[in-house]
Every structure is written in C-alpha cells, then in structure tokens.
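Throughout, read-outs are computed from the coordinates displayed, never taken from laboratory work. None of the values given here were measured: they were computed from a predicted structure. Cβ atoms come from the backbone with ideal geometry, glycine included; neighbour counts cover every protein chain shown.
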Amino acid sequence: MFKKLSTKIDSYKEEAVKMQEELTSRKAIAPESGGEGEYEKAMWIEAELKKMGFDEISRVDCPDKRAIKGIRPNIVAKYYGEDKTKTLWVMTHMDVVPEGEKSLWKTDPFKVHREGDILYGRGVEDNQQGMIASILTAKAMMEEGYRPPFNFALLINSDEEVGSKHGVEYVLKTKPELFGKNDAFLVPDGGNEKGEMVEIAEKSIAWLKIHTLGKQCHASMPALGNNAFTAGSDLALRLRNGLYEHFNAKDGLFDPNISTFEPTKKDKNVDNVNTIPGDDVFYLDCRVLPTYTLTEIHKKVLEISASIEKDYKVKVSVEPVMTMTSKNPTPKHSPLTKAVIEASKAVYNNNPQPCGIGGGTVGAYFRNEGYHAVIWSKIKDTAHMPNEECDLNNLLGDAKAFIHIAMNLKLNIADASVSSVWDNK
Ligand SMILES: [Zn+2]
C-alpha cells in the first residue's frame with residue numbers, strides 16, 4: 001500500500017505547482033508586519049479542502065480587528081482512521097513574512113516562478129511546502145480508498161511568524177477538546193537540506209532588558225556623576241561569565257550542547273562624547289537547556305545585578321521582554337520520533353537524528369501541554385530569504401514520508417509496552 005500511495009503522490013506534481021501558485025498569490029502577512037492577515041488565503045484553502053473527502057472540517061477564528069473580516073482563521077480538517085480515538089496531526093501555517101528588500105528578488109515574490117523542479121516565491125517553502133504535502137497525503141489516501149490506522153488531520157494556522165497568539169496558542173486555549181492525550185503532532189516547518197534533523201526538543205528563551213541607572217554629568221568632572229555605561233559594561237561581562245559558569249550543564253541532543261547567555265542589543269545613550277551617561281540599556285539573549293527553569297536564571301541575574309549595584313552605587317532593573325518556556329522534550333524513543341526517523345530513511349535513504357534547537361518553534365506549545373511533537377521536513381532552508389525556494393522533490397518526498405508515518409505509527413501505538421512510554425508524560 002505504501003508503494004501505491006507513493007506512486008499516487010508522484011502523480012500530483014503539477015497539482016502541487018498549481019497550489020503553490022494559488023497560495024503564493026494570496027499574500028498572508030500579519031498586521032504587525034504591515035499586512036491584513038490570512039483571510040483570503042484561508043478561504044481558498046478551506047474551499048479546496050471541502051472538495052476533498054475529509055470527514056470533518058471546522059474553523060477556529062481568532063478575533064483580530066486589524067485583519068480582514070476581523071479574524072485570524074485557523075483550519076482543522078480530519079480524515080478518519082480505523083481507530084477514531086487517536087490522531088496524527090500535521091500542523092502548518094498560512095502566514096508568510098514580507099518579501100523584504102524587493103530588489104534582491106529576481107522575480108515577483110508573490111508570483112511563483114518555476115525553473116524545472118524548483119519553485120521560487122514568498123512562502124513556497126515556509127510553510128506551503130509542508131501544507132501542500134499534508135493536503136496531498138490526505139488526497140492520496142482518499143483516492144486510493146485507504147483508511148490509516150488512526151485519524152490523519154491537518155491543522156492549518158494563522159499567525160506563526162510573529163508569535164502564534166492568534167494561531168496555535170488560541171486554538172489550544174479555546175478548543176482543547178480538539179486534541180486527545182494520545183495524539184501526536186508533526187510540524188513540517190523546520191529541518192535541513194538532507195532531511196536529517198528530527199527536532200524533538202528546544203531550549204527555553206528569555207530576552208532580558210537590563211537597565212542601569214547612574215547619574216549624568218560632564219565628562220570633565222566624572223566625580224559629579226556616576227557612569228552608567230561603565231557599570232553596565234561590567235554588568236554585561238559579569239552576567240555573561242556568571243551565567244555560563246553557573247548554568248553549565250551539557251546536553252548532547254543540542255547544538256551547541258550548553259545553555260547560552262549573550263549580551264546582544266544596545267540602546268543608544270548620550271548624543272555627545274563629552275557627557276557621562278546616566279542611563280545604560282542592553283539586552284541579554286538567554287537560551288536555556290530544559291534542565292533549568294527560567295525562574296532560576298532570573299534569580300541569578302538579579303543576584304549578579306545586585307553585586308553591580310553595590311560596587312558601582314547604581315540602580316539596575318531587569319525586565320523580561322520575551323520569554324518562552326520549553327518543557328517536556330519529546331522522548332527520543334517516542335513512537336512519533338521513531339516513526340519520523342523511519343519514514344525519512346524510507347523516502348530519502350538518509351541518516352536522520354533526533355536533535356534539539358535553540359528555541360522558538362510552535363512545537364513548544366504542544367510539548368508544554370504534554371503532547372509529543374516533532375519538527376521535521378526536508379527543505380532548502382531559504383525561509384524568510386529573498387528568492388525563497390521549494391524543490392518539488394522535497395514537497396512530494398515529504399508527503400510520502402507523512403504517509404509512511406501515518407501507516408507505521410499504528411504498530412507502535414498498538415504495542416502495549418510502547419504505549420506506556422507514550423502515556424507516561
Ligand atoms: Zn514557518
């Protein structure tokens with residue numbers, strides 16, 4: 001059956017191109033990035049799905065006044081399996097990032113340009129490749145009259161590029177009943193050129209704004225003020241050294257295999273060279289292994305800041321401007337992880353490995369709820385770049401892999417010993 005379904009997938013090549021053209025022409029850019037949301041694109045996708053043999057199609061619309069029709073639509077389409085109590089979800093997103101510097105594009109970013117098997121256009125890889133692959137997976141199973149061991153469902157979201165608030169976060173918050181505790185989530189929105197990156201864990205992220213308050217004065221009379229820049233500079237070094245030293249656990253799943261704490265952005269201070277700044281603001285990007293909590297990091301940052309306050313007689317405030325906690329990595333031996341690795345090998349004849357990344361994917365939302373989520377696809381890694389591209393062979397290959405996963409995940413779940421691993425979350 002896998003062979004038959006794979007052959008079917010190959011016959012969809014021109015259809016995949018057509019879908020890429022339709023999707024790319026419907027700009028779906030977040031209001032934060034100057035767009036009007038995903039409505040037009042969502043309507044087209046929903047209409048296409050309705051022509052197919054899905055057993056359930058529904059929408060979860062998140063209100064957002066800034067978007068067309070005041071909504072950010074999320075689409076759910078389910079194709080029943082033999083066992084209707086468990087579902088393999090393939091989750092993708094509709095929104096794209098803006099084209100960026102137009103002159104860097106060789107062709108119109110919102111009109112697909114084809115050269116052989118390579119398609120160019122904004123969104124063709126991120127995330128239309130995965131979305132179309134998941135739709136074609138369902139189509140092949142439907143046309144061959146094949147029911148997978150359990151449900152195969154699509155979750156097509158809005159608002160991934162600027163934070164998921166109107167997308168998967170909203171769906172999880174308002175419709176938790178959509179998901180069962182044995183459901184598994186595959187997110188084809190990340191990977192590498194060989195299809196060997198099977199991402200099962202990520203670091204937690206904290207972006208901290210560190211404000212040091214001293215006293216401004218003329219540079220010729222430093223004793224009259226208190227140089228916030230000097231204190232802030234020492235603070236940046238003490239934080240960097242102190243945090244690396246204190247939170248030094250290693251985890252070979254990740255590259256790099258340690259937590260990282262890097263001073264990054266620096267706000268502007270005084271305008272002229274002869275003024276001692278009374279204010280200093282810099283930012284710290286922390287990527288933290290799941291071994292540690294962000295609360296522990298925050299505590300240590302405050303402790304180090306207090307030492308600067310004492311030594312320099314300044315005031316330091318620490319404000320988290322963005323945090324994303326990532327817990328419950330999907331186990332290496334999760335049936336889902338194994339099924340993805342086996343599928344990738346079967347289709348691409350490669351050597352996929354479970355790995356962790358620096359953070360910031362939608363996988364975290366599901367893992368934090370205790371679900372197993374894996375991020376995987378074979379991509380050219382051109383997301384967000386000018387001349388973003390999609391290799392049709394990757395698109396069709398990924399669809400075949402999804403079929404392989406849908407077919408083989410069953411064996412694992414039916415196996416009592418494995419399902420106990422699954423359940424022990
Ligand atoms: Zn994406």
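Of the beta bridges DSSP finds with both residues in the chain, what % are antiparallel, to the nearest 5?
Values: 49 of 72 bridges.
So the antiparallel bridges amount to about 70 percent of the total.
Working from Cα positions, state the angle (0 to 90°, nearest 10) between the long axis of helix 128-143 and the longest principal axis of the chain.
It is inclined by approximately 20 degrees.
Count the net charge of all other residues whose Cβ sits under 13 Å from the Cβ of A140, scoring Lys and Arg as +1 and Asp and Glu as -1. Spell out each step's value before the answer.
Details: positive: K3, K4, K8, K13, K139, R147, K400; negative: D10, E15, E143, E144, D398.
Value of the local net charge: +2.
Among M324, M197, Y146, pick out the residue whose Cα is farthest towards the positive end of the charge dipole of the chain, where Lys and Arg carry +1 and Asp and Glu carry -1 on C-beta, about the Cα centre.
Farthest towards the positive end: M324.
Rg/Rh for the stretch 204-324 to two decimals, with Rh computed the Kirkwood way over all alpha-carbon pairs. Each step should come with its number before you reach the end.
On the way: Rg = 15.7 Å, Rh = 15.0 Å.
So for the stretch 204-324, dividing Rg by the Kirkwood Rh gives 1.04.
How would you rank 73-80, 268-275, highest first, on the average number of other Cβ atoms within 10 Å across their residues? Walk me through the intermediate numbers first.
Values: 73-80: 22.8, 268-275: 9.9.
Highest mean packing first, the order is 73-80, 268-275.
How big is the Cα convex hull of the chain in projection, averaged over all directions, in nm²? Kindly include the intermediate steps, with their values, before the conclusion.
Numbers: hull surface 90.4 nm².
Result: 22.6 nm².
For the stretch 273-375, run through the trypsin sites (Lys or Arg not before Pro) and keep only the ones in DSSP coil with at most 11 other Cβ atoms within 10 Å of their Cβ. List each step's numbers first, then the result.
Numbers: sites: R287, K299, K300, K310, K313, K315, K327, K332, K338, K345, R367; in loops: K313, K327, K332.
In loop regions of the stretch 273-375 (DSSP not H, G, I, E or B), the sparsely surrounded trypsin sites (Lys or Arg not before Pro) are K313.
Return a whole-number percent for the relative contact order of the chain, with Cα pairs under 8 Å and 6 or more residues apart as the contact set. List each step's numbers first, then the result.
On the way: 941 pairs, mean separation 93.5, N = 425.
Worked out over the chain, it gives 22 percent.
For the ranges 200-213, 218-231, what's the packing order if you count other beta-carbon atoms within 10 Å of each residue, average per peptide, and put the highest first? Intermediate values should be presented prior to the final figure.
Working: 200-213: 21.9, 218-231: 15.3.
Peptide ranking by packing, descending: 200-213, 218-231.
Note down the magnitude of the dipole of the chain about its Cα centre, charges +1 on Lys and Arg C-beta and -1 on Asp and Glu C-beta and zero elsewhere, to the nearest 20 debye. Kindly include the intermediate steps, with their values, before the conclusion.
Numbers: 55 positive and 62 negative charges, 136 e Å.
Here the chain has a charge dipole of around 660 debye.
Treating only the Cβ of Lys, Arg, Asp and Glu as charged (+1, +1, -1, -1), what charge dipole size does the stretch 204-324 show about its Cα centre? Round to the nearest 20 debye. Provide the component values of the computation, followed by the final result.
Values: 14 positive and 15 negative charges, 36 e Å.
Computed charge dipole of the stretch 204-324: roughly 180 debye.
Rounding to the nearest 10 and keeping the result within 0 to 90°, find how far the Cα-based axis of helix 39-51 lies from the longest principal axis of the chain.
That works out to roughly 20 degrees.
So what's the angle, to the nearest 10 degrees on a 0 to 90 scale, between helix 392-414 and the longest Cα principal axis of the chain?
Rounded to the nearest ten degrees, it is 80.
Students often get this wrong, so check it: of K203/K345; K102/K250; K3/K78, which have C-alpha atoms separated by over 32 Å?
Details: K203/K345 26 Å; K102/K250 42 Å; K3/K78 23 Å.
From the list (K203/K345; K102/K250; K3/K78), the Cα-Cα distance tops 32 Å for K102/K250.
Within the stretch 27-136, list the GluC sites (Glu not before Pro) lying in a DSSP loop whose Cβ has at most 10 other Cβ atoms in a 10 Å radius. Present the calculation step by step, with values, prior to reporting the outcome.
On the way: sites: E32, E36, E38, E40, E46, E48, E56, E82, E99, E101, E115, E125; in loops: E36, E38, E82, E99, E101, E125.
Answer by residue number: E82, E101.
Could you please state, rounded to a whole Å, how far the C-alpha centre of the stretch 1-26 is from the C-alpha centre of the stretch 240-310?
47 Å
Could you tell me what a quarter of the Cα convex hull surface of the stretch 348-393 works out to, in nm² with one decimal place? Spell out each step's value before the answer.
On the way: hull surface 18.6 nm².
Result: 4.7 nm².
Please list, or write none, the lysines whose alpha carbon is within less than 16 Å of the alpha carbon of K266, excluding same-chain residues fewer than 8 places away.
Leaving aside lysines fewer than 8 places away in the same chain, those within reach of K266 are K209.
Find which of T24, H113, M1 sits farthest along the positive direction of the dipole of the chain, computed with +1 on the beta-carbon of Lys and Arg, -1 on that of Asp and Glu, about the Cα centre.
M1
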